[in-house]
Amino acid sequence: MGKLVLYGLEPSPPVRTCKMTLDALQLQYEFKLVNLLAGENKTKEFKLKNPQHTVPMLEDDGKTIWESHAICAYLVRKYAKDDALYPKDFYKRAVVDQRLHFESALLFQNCIRNIALPLFFRDETEVPRSKIDAIYEAYDFLEAFIGAELYLCGASVTIADFSVISSVSSLVGLAPIDPKRYPGLSAWLARMAGRPNYQSNNGNGAQMLIDMFNAKITKIV
């Protein structure tokens, strides 16, 4: 096995998705901090490895992969002892893929990034109410996805759970989850938070992002 290096920063939900996957696979890796706000992802050296200059980026024995879903799927395919985290069965995998696409398009892009970019890169301080409403719309879908199941895709955890929890745990500071309105989602959150090493892999970084939001936002309008 080659040396694994994960590039990123703790507040980033996609980076935390990769950390949870690496931990679930019991893989040893080096974590290299990349400060996006300081532009460390735009150095010549970094862009040679990743022209999109995004995090997370995984380096495996000199080969680089970026985009968290691609990284997690790669890690499971290459290093997992079984396919539980990313099933080979066509239907089961399609369900996992759907949840992953939901996370990237709605939770991360439409909710987190849509709020974070104006705050951190355009120095805005107010967030339109419609952006908070979009978070609750996403919660409604997640409640339906979970239903009576333990996890997002059924009875066992998959990389979709790691991906979605990284985003949802970052949004609860802006849009708290009412257990009465979202009993399934609330129970799933508690279940995920009870996983080994959850706090170091996700919880601490999620709180960092929540604190960053709180420090910038002056008003929901």
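The values are calculated or read from the model by the stated rules, or taken from the named source; none is laboratory data. All values derive from a computational prediction rather than experimental measurement. Using ideal geometry, Cβ is built from the backbone for each residue, glycine included, and neighbour counts are taken over all protein chains shown. Heavy atoms of the whole protein, side chains included, go into the accessibility calculation; ligands, DNA and RNA do not. Shrake-Rupley method; radii C 1.70, N 1.55, O 1.52, S 1.80 Å.
What part of the accessible area of the stretch 90-220, given as a whole %, is carbon or sulfur when the probe is 1.4 angstrom?
Answer for the stretch 90-220: carbon and sulfur cover 55 percent of the accessible area.
Ignoring ligands, DNA and RNA, what percent of the 1.4 Å accessible area of the stretch 4-79 is carbon and sulfur? Intermediate results must be reported in sequence, preceding the final value.
Values: 1830 of 3620 Å².
Answer for the stretch 4-79 is 50 percent, counting heavy atoms of protein chains only.
Tell me, what is the FRET efficiency for LYS3 and ARG129 to the nearest 0.05, using R0 = 35 angstrom and their Cβ-Cβ distance as r?
So the FRET efficiency works out to roughly 0.15.
Please compute the per residue accessible area over the chain with all protein chains in place, 1.4 Å probe, rounded to a whole number of Å².
Using a 1.4 Å probe on heavy atoms only, each residue of the chain averages 50 Å².
Using the crude model of +1 on Lys and Arg Cβ and -1 on Asp and Glu Cβ, and no other charge, please compute the dipole size for the stretch 4-79 relative to its Cα centre, in debye to 20.
180 debye
Round to the nearest 0.05 the FRET efficiency obtained for ASN35 and LYS78 when R0 = 35 Å and r is the Cβ-Cβ distance.
Taking R0 as 35 Å, the efficiency between ASN35 and LYS78 is 0.75.
Could you please state, rounded to a whole Å, how far the C-alpha centre of the stretch 1-53 is from the C-alpha centre of the stretch 71-124?
Value for the Cα centre distance between the two parts: 15 Å.
Putting +1 on Lys and Arg Cβ atoms and -1 on Asp and Glu Cβ atoms, find which of LEU142, LEU107, ASN41 reaches farthest to the positive end of the dipole of the stretch 8-162.
The Cα lying farthest towards the positive end belongs to ASN41.
Counting helices only, and only those DSSP H runs with n ≥ 4, report the 222 nm mean residue ellipticity of the chain as the sum of -39,500 (n - 2.57) divided by its residues, in deg cm²/dmol to the nearest 500.
-15000 deg cm²/dmol
For the stretch 4-79, what class follows from the C-alpha gyration tensor (a ≥ b ≥ c being the square roots of its eigenvalues): rounded when a/c is under 1.5, otherwise prolate if a/b is larger than b/c, else oblate?
prolate
Select from THR17, GLN28, THR54 the residue farthest towards the positive end of the dipole of the stretch 1-54; place +1 on Cβ of Lys and Arg, -1 on Cβ of Asp and Glu, and compute about the Cα centre.
Result: THR54.
Specify which residue in the list ILE132, ALA73, SER170 is farthest towards the positive end of the charge dipole of the chain, using unit charges on the beta carbon of Lys, Arg (+1) and Asp, Glu (-1), about the Cα centre.
ALA73
One-quarter of the Cα convex hull surface for the chain, in nm²?
Taking a quarter of the hull surface, the average projection is 12.0 nm².
If the limit is 23 Å between Cα atoms, which of LYS47/LYS88; LYS42/LYS63; LYS3/LYS47 go over it?
LYS47/LYS88
If you put +1 on each Lys and Arg Cβ and -1 on each Asp and Glu Cβ, how big is the dipole of the stretch 90-220 around its Cα centre, in Debye rounded to 20?
About 140 debye.
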